[in-house]
Amino acid sequence: MTKRVQSEKEYASLLQVIPGGVNSPVRAFKGLAITPIVVDHAFQDTLVDIDGAQYVDYCLSWGALIHGHAHPHILESVQKRIQKGTSYGCTTEIEGRLARKIISLMPSCEKVRFVSSGTEATMSAVRLARGFTGKSLMIKFTGGYHGHADHFLVQAGSGVIGLNQSATSAGIPQELLHWTACLPYNDIEAFDHFISNEKNAQNLACVIIEPIAANMGLVPADKKFLEHLRKRTKELNALLIFDEVVTGFRVAKGGAQSYYGVQPDLTCLGKIIGGGFPAAAFGGKQEIMDHLAPLGSVYQAGTLSGNPVAMEAGYQALCLLETPHFYEDLEEKTTSLTEPLVECINKHGVNACLQRVGSAFTLFFGRRSVTNMQEAKLCNLAQFTAFFIHLFERGIYIPPSQHEVWTVSSVHSKKNLEKTRDACLEYLKTCL
Ligand SMILES: Cc1ncc(COP(=O)(O)O)c(C=O)c1O
């Protein structure tokens, strides 16, 4: 590995003042035993570190940058907007414009409320679901990540279906988890078994799910599983919440809900809708959304919610999605990278698999398919680490974990996609 003198020096200095040297744990490259990337600047599909090394970027701010880095149209609009002031703590016209854009692209959202992070969106959506239904129990699925609010940080106890789960973080009182149930992903039987208990069925306020899981690597839900959740939640007067923080506007213009043709009651959005700035949202049917304060009794607020600069960037990012053939072109770019890898895996029987929806995918090592967290945990992490370093040394940056998702932007160049394809093929051939 070439020495990254400035990066190493700066990271050592960051470690003195910021826990782990990072403001979000996965940025620390834990388990990879190399100094994390310390970015100086970025353009289009490329990150440049403080040593001046360039990396083709497939992390793209964890999926936020569907138009790549520093898109000139978004930058220009933001620069104009900034001249008018950066935050007012008052309502603005640009919030309405972005809300109408989301509503037009995602018809299950009749109204939306803006917040500043995906965590706030999921946390507020669940509070709203509980306030609207007057019930408390929330079901989530193992391997589903919905931000870092207390009641989401739960894993199921070794295959036991029920409320006997434990927190995946210290600092969460066990009592708080009483109303969180964690069930296996893609498992209709386990779901039905759980709600066959009368108390569970009666108490159920909501089911929250990533319709295409992106936090155990990319694992799509079975359409039948989502349809089943839709039907059962309706019967139980509980709300179905789709966490589309990653999939929203990524896997299709209308998100995973249009990809599957399943409409949730509430949707959580983030990443792409901020155009590279901190913005997120939750939205849904008007009769539910109007339970939020000031109209209703469910409280939710934020000093920087609907920040005009973030709204402008988000609005421009969503407008760009309507460029003719946007998703077809993105699909084609992604295919040019993934198809040769899939062919290589199949032709040579490599013990790996590539799971993809649209421009998001994961290359799993040590598994021929992954349908849930139990299987995702069986991946070959040593092989992933070697693969990550192989790419990093060749100027390619993928998310630094086996259980994350690569994304392709509309500005990834043919040359960089080919360079990535070749580097991946080179590695896959060492796995034979
Ligand atoms: C599906 C999903 N939901 C929620 C979140 C939380 O979003 P944020 O990191 O903006 O709080 C994430 C973050 O990656 C996510 O992947």
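The values are calculated or read from the model by the stated rules, or taken from the named source; none is laboratory data. Just so we're clear, the structure is a prediction, and the values are computed from it rather than from any experiment. When we count neighbours, we look across all protein chains shown, and the Cβ atoms used for this are built from the backbone with ideal geometry, even at glycine.
What to note about this one:
- Pick from region 79-92, criterion in a helix (DSSP H, G or I) and among the basic types (K, R), ranking: nearest to the chain's Cα centre (by Cα): R81
- Residue ID - surrounded by the fewest Cβ atoms within 10 Å (Cβ to Cβ), chosen from residues in region 230-249 that are hydrophobic (A, V, I, L, M, F, W, C) and within 16 Å of the ligand (Cβ to nearest atom): F249
- Looking across N197, N215, N203, one residue alone is surrounded by fewer than 24 Cβ atoms within 10 Å (Cβ to Cβ) and touching a Leu at 6+ places or on another chain (Cβ under 7 Å). It is N203.
- Any pair with Cβ under 7 angstrom, 6 or more apart, that starts in region 278-306 at a residue that is part of a loop (DSSP other than H, G, I, E, B) and ends at one that is more than 16 Å from the ligand (Cβ to nearest atom) and at pLDDT below 95: none
- The residue that is farthest from P220 (Cα to Cα), among those in region 361-375 that are in contact with a Ser or Thr (Cβ under 9 Å, 6 or more places away or on another chain) and buried (at least 21 other Cβ atoms within 10 Å of the Cβ), is L363.
- Residues located in region 113-151, provided they are within 26 Å of P308 (Cα to Cα), in contact with a Cys (Cβ under 7 Å, 6 or more places away or on another chain) and more than 9 Å from the ligand (Cβ to nearest atom): A125, V126
- For the condition part of a loop (DSSP other than H, G, I, E, B), crowded, with 24+ Cβ neighbours inside 10 Å and in contact (Cβ under 8 Å) with a residue 24 or more places away in the chain, V262 does not qualify.
- Selection from region 203-215 of residues that are more than 11 Å from the ligand (Cβ to nearest atom) and not in a strand (DSSP E or B): N203
- Applying the condition of being over 19 Å from V298 (Cβ atoms) and in contact with a Lys or Arg (Cβ under 9 Å, 6 or more places away or on another chain) to region 79-105 and asking which residue is surrounded by the fewest Cβ atoms within 10 Å (Cβ to Cβ) yields I103.
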